[in-house]
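Below you'll find the structure, written out as structure tokens, and then a few comments.
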Amino acid sequence: MLNEENERYVDLTEGVNIITGESKTGKSALVEIIDYCLCSSSCTIPKGRITEFADIYSLIIVINSQRYIIARKAPYTYRKEMYISRISDNINYKSINMKFFEDCKFYNYKVIQKQIEKLLGLNVTNLKDDGEEKKESASLRNMTSYMFQHQNLMASKFALFYRFDDYQKKKDIIEQFPIFAGIVDQEFYSTLMLINAYKKELKKLLANQVSNEKIKEDIRNNLIDKFKEYFALLGRELNDNLTLDSLINLGNDLPNLKDEYSSSEIVTRYNKLKNEIEELRDKEDILKSKISNLESADENSSSYISSLEVLKQKSDLSSDEIKEYICPICGHECGDLNEISIDVKEATKWLSEEMKLIDLSNDNLFEEKRKLIKEKDKVIKEIKRKWAQKRSMEKEYLEKSSRYDLENKLNYKKIEIKFLIETIDKGLFNSIDEEIVELQKKIVQCNEDIKAFNLEESKENAKNSINKNMNRLKVHLDFEEEFKHYNLYFDLEEFELSLRGKNRGEKVILSEMGSGANWVSCHIALFLSLLRYFASQGEKSPMPTMMFFDQPSQVYFPQDNLEDTKKSNIETEKDKQAVTKMYKVMFDEIEDTYKDTETKPQLIVVDHVNYSTMQTKKEQDYFKKSTRRTWRGMEALI
């Protein structure tokens, strides 16, 4: 933190870094300062002495063995302005002051965020699998949920991850885990987008193919009519069931006129067409008659309903709520009137039911009429087609037989056939089939490319690795006796942590566990295991191997005074033993991770306990060696 006159800094290294001290000395503010310098859209640095002191907040970070400085102006001045630059090894926190930034150009924090993401290798710029213009990138801001365990989160039984109170953020952070883990990259998502784009295009082509099939069928019918006329001139029969491809092949090898030709076939064909047209006209008349009858029935129904409505109105007026009629003169029951009243009510009920039945019948009439009209239109279309064939035969063969000899007629018909076949051969329809086949091949290839990433298998391996490590750490953490025989289980699909019984299959989620000792132990086991997993991924993972624990000992020592007068000496010693185990797990895990992965993660711990809380000399020595600041008495961040 810098201003015109002074600066405050905390020097941190790889491995474990501890800042110990009393409350209100600025320990927890460190996580907010780091978060602010990692491009948070808002500033959560506690207002007061710290925000009044600082004009610029800065971090020196190491990415791929290169050193960079990140700086951000104070929120009350130009909070959106940030700066990043590579720095040489001879520049350190002691040589950074306000003069250092005098000639530096600050940019919008979103621009700096993109630069940091690029340096980290976080290059997935579009996660939308539909390829829409509105893009969603894998974000540095979503990485921070894996890096920070704030004080109010460290021992929470209701939440595990930073910023999971925002549903959309939670969803994005979970979905982007494979990216942070180095399992998938932009090629994976670009391939997904290609698949969906190909599928959309294929859907359109298949819809067009249905239309083209109809056109093909019409052409086949037209072509087969030409062939029939040609073969009729030759006095030969033609198979009506030939496919379009068979007709095309036949068109390239049409039979020629032979000596035994008989022209009687054309007359037979002509008479057959006349009969077919007559049959179709009879069918048309029948359909017209049915439609007319339905229309009459509809009119009668409407008239009947009108009559019923009039009767119902009268019956409604006649009905009342009087159950029995009494003579006003003699006081005796009027039996005739009562019977009439009952009859009126029954008649009204019958009218209502009858009207409902008629309405239902009308609905059926309308649908039946629609079907008949559709069938009639189809028949009319077929009549027109066959009538056109008949007229063509009359003009070409019967009326003009004196003008054209048989050879000319055959040649003319052959030209018609050749013309239709050439139209098809030019690829008018085959092109769409070829496109469909090509798209299907591309989709298959893209699916093969997606499979090569082994996403599900890799996620399963990641889950197993994290769970295995958690349960290795769990043995050394302070879990209650009843849960010691349970296994920790982290669900990578929902990001839910639970304890599961080995035999009974029982599942206990975090919020169902009693005792803060269980909660903080769960958090430590999970996040140290995540840190190890990201480190094990090496250069494949863009995730910074950094973790921040804020006040992990608060469950045991919530106050600065470690000697709680309300506790017995035995209770205090037991709590110190639990805290010692906690820190031993942290110390050992960082060293073991370094040994196993050749990457030494950075663990930053701020706490009010000090080395004297540790119950073993080894942990005391490690605690002293890892302590970067001790803020007690008059010592503090500010």
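The values are calculated or read from the model by the stated rules, or taken from the named source; none is laboratory data. Given the structure is predicted, the values throughout are model-derived calculations rather than measurements. Glycine gets a Cβ as well: all are built from the backbone with ideal geometry, and neighbour counts include every protein chain shown.
Of all residues in segment 575-583, none satisfies being surrounded by 20 or more Cβ atoms within 10 Å (Cβ to Cβ), of a type in the set (A, V, I, L, M) and not in a helix (DSSP H, G or I). The residues on offer are Thr565, Thr545, and the sole one that is among the β-branched types (Val, Ile, Thr), modelled with pLDDT of 95 or more and assigned by TED's automatic domain parsing to the domain that holds Asn142 is Thr545. On the stretch given as segment 93-131, residues that are closer than 14 Å to Leu2 by Cβ and surrounded by fewer than 14 Cβ atoms within 10 Å (Cβ to Cβ) total 5. Condition test on Glu22, is it buried (at least 19 other Cβ atoms within 10 Å of the Cβ) and either within 28 Å of Ser626 (Cβ to Cβ) or touching a Ser or Thr at 6+ places or on another chain (Cβ under 8 Å) (or both)? No, not satisfied.
Table: residues versus (1) crowded, with 16+ Cβ neighbours inside 10 Å; (2) small (Gly, Ala, Ser); (3) at pLDDT 70 or above.
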{"site": "Leu360", "(1), (2), (3)": "no, no, no"}
{"site": "Asp377", "(1), (2), (3)": "no, no, yes"}
{"site": "Ala388", "(1), (2), (3)": "no, yes, yes"}
{"site": "Met393", "(1), (2), (3)": "yes, no, yes"}
{"site": "Tyr397", "(1), (2), (3)": "yes, no, no"}
{"site": "Arg403", "(1), (2), (3)": "no, no, no"}
{"site": "Gly427", "(1), (2), (3)": "no, yes, no"}
{"site": "Lys441", "(1), (2), (3)": "no, no, yes"}
{"site": "Glu457", "(1), (2), (3)": "no, no, yes"}
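Here's the yes/no breakdown for (1) crowded, with 16+ Cβ neighbours inside 10 Å; (2) among the aromatic types (Phe, Trp, Tyr); (3) in contact with a Cys (Cβ under 8 Å, 6 or more places away or on another chain); (4) at pLDDT 85 or above:
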position	(1), (2), (3), (4)
Met154	yes, no, no, yes
Phe158	no, yes, no, yes
Tyr162	yes, yes, no, yes
Ile173	yes, no, no, yes
Phe180	yes, yes, no, yes
Val184	yes, no, no, yes
Tyr189	yes, yes, no, yes
Ser211	no, no, no, no
Glu217	no, no, no, no
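Name the single residue that is surrounded by the fewest Cβ atoms within 10 Å (Cβ to Cβ) among those in segment 613-636 being among the basic types (Lys, Arg) and outside any helix (DSSP H, G or I). Top of the filtered list is Arg632. Exactly one residue among Ile61, Ile112, Ile116 is of a type in the set (Val, Ile, Thr), modelled with pLDDT of 90 or more and touching a helix residue (DSSP H, G or I) at 6+ places or on another chain (Cβ under 8 Å), and that residue is Ile116.
Does segment 46-66 hold any residues that are in contact with a strand residue (DSSP E or B) (Cβ under 8 Å, 6 or more places away or on another chain) and over 12 Å from Ile116 (Cα atoms), and which are they?
Ala54, Asp55, Ile56, Tyr57, Ser58, Leu59, Ile60, Gln66
Tallying residues that are part of a helix (DSSP H, G or I) and surrounded by 17 or more Cβ atoms within 10 Å (Cβ to Cβ) within segment 595-612 yields 2. What do you reckon, is Lys468 surrounded by 16 or more Cβ atoms within 10 Å (Cβ to Cβ), modelled with pLDDT of 90 or more and either in the same structural domain as Lys170 (by TED's automatic domain parsing) or part of a helix (DSSP H, G or I) (or both)? It is false that Lys468 is surrounded by 16 or more Cβ atoms within 10 Å (Cβ to Cβ), modelled with pLDDT of 90 or more and either in the same structural domain as Lys170 (by TED's automatic domain parsing) or part of a helix (DSSP H, G or I) (or both). Number of residues in segment 153-185 that are under 25 Å from Ala535 (Cβ atoms), without any contact (Cβ under 8 Å) to a residue 40 or more places away in the chain and either in a loop (DSSP other than H, G, I, E, B) or not assigned by TED's automatic domain parsing to the domain that holds Ser498 (or both) equals 3.
Within segment 287-305, residues that are in a helix (DSSP H, G or I) reach partners that are among the aliphatic types (A, V, I, L, M) and at pLDDT below 75 with beta carbons closer than 7 Å, at six or more positions or on different chains, in the pairs Leu294/Leu365; Ala297/Leu365; Asp298/Leu365; Ser301/Ile358; Tyr304/Ile358; Ile305/Met355; Ile305/Ile358. Considering each residue of segment 14-23 in turn, at least one proves to be touching a residue at least 60 places away in the same chain (Cβ under 8 Å) and more than 23 Å from Gln151 (Cβ to Cβ). One residue stands out in segment 76-91 among those that are in contact with a strand residue (DSSP E or B) (Cβ under 8 Å, 6 or more places away or on another chain) and among the polar types (S, T, N, Q): the one that is surrounded by the fewest Cβ atoms within 10 Å (Cβ to Cβ), namely Ser88.
How many residues, within segment 508-546, are more than 18 Å from Val579 (Cβ to Cβ) and not in a loop (DSSP other than H, G, I, E, B)? Residues meeting the conditions: 18. Taken over segment 477-494, residues that are surrounded by fewer than 20 Cβ atoms within 10 Å (Cβ to Cβ) and under 20 Å from Lys576 (Cβ atoms) amount to 2.
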